[in-house]
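Remarks on the structure that follows.
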Amino acid sequence: MSVDIAKTVTYWLESSEYDLDTGATLLRSKKFPYALFFGHLAIEKLLKALVVKHSGEHAPFSHSLGMLAARTGIEFSEERMDQLAEFMEFHTEARYPDAKMEFYQKCTKDFAQLKYREIKKVYKWLRKTSEI
């Protein structure tokens, strides 16, 4: 099955922008765990756009930021990879009940604002580096 690269990249890119904005809205609404979840989702979808652009194939069905990053053709520093690993916590712990309560308690206003700024910084770096 053939992939319309431009259309697929645009889909992931627009969806990532929407999710980044949704996360910011949730942050302002004091829905801190979900703000970080949508921040993770924005990074994930941006990485998927970059995977499609780089590979010419559909992005894999995965939420792993590290694995997606490795398939973009972009060189990531160890620090950036550590950040992506940290952002994985926002995907897993916001969604699964066993981890939820501890994560919710950790998600203070200050923590969420700090981490969302980091998410936005990585997002902007990816956009600039990839020229997408």
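Is it true that THR22 is crowded, with 17+ Cβ neighbours inside 10 Å and among the β-branched types (Val, Ile, Thr)? Yes: the conditions hold for THR22. Is there a residue being surrounded by fewer than 21 Cβ atoms within 10 Å (Cβ to Cβ), over 15 Å from the mean Cα position of the chain (by Cα), closer than 30 Å to VAL3 by Cα and of a type outside the set (Ser, Thr, Tyr) anywhere in the stretch 115-131? Yes, the conditions are met somewhere in the stretch 115-131.
Yes/no per residue for (1) touching a strand residue (DSSP E or B) at 6+ places or on another chain (Cβ under 7 Å); (2) modelled with pLDDT of 95 or more; (3) farther than 20 Å from ARG117 by Cα; (4) not acidic (Asp, Glu):
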{"site": "GLU17", "(1), (2), (3), (4)": "no, yes, no, no"}
{"site": "ALA24", "(1), (2), (3), (4)": "no, yes, no, yes"}
{"site": "SER62", "(1), (2), (3), (4)": "no, no, yes, yes"}
{"site": "LEU68", "(1), (2), (3), (4)": "no, yes, yes, yes"}
{"site": "GLU79", "(1), (2), (3), (4)": "no, yes, no, no"}
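Of everything in the stretch 65-88, what is surrounded by 16 or more Cβ atoms within 10 Å (Cβ to Cβ), without any contact (Cβ under 8 Å) to a residue 40 or more places away in the chain and either part of a loop (DSSP other than H, G, I, E, B) or of a type in the set (D, E, K, R) (or both)? Give them in sequence order. Listed by number, the residues that qualify are ARG71, PHE76. Would you please list the contacts, defined by Cβ atoms under 8 Å and residues six or more apart or on different chains, that run from a residue in the stretch 44-58 that is without any contact (Cβ under 8 Å) to a residue 40 or more places away in the chain to a residue that is of a type in the set (Ser, Thr, Tyr) and part of a loop (DSSP other than H, G, I, E, B)? Filtered contacts from the stretch 44-58: VAL51/THR72; HIS54/THR72.
For the stretch 13-40, give me each residue that is polar (S, T, N, Q), over 10 Å from the mean Cα position of the chain (by Cα) and part of a helix (DSSP H, G or I).
SER15, THR22, THR25
The values are calculated or read from the model by the stated rules, or taken from the named source; none is laboratory data. Computed from a predicted structure; not experimentally measured. Here Cβ is always computed from backbone atoms with ideal geometry, including for glycine, and neighbour counts include all displayed protein chains.
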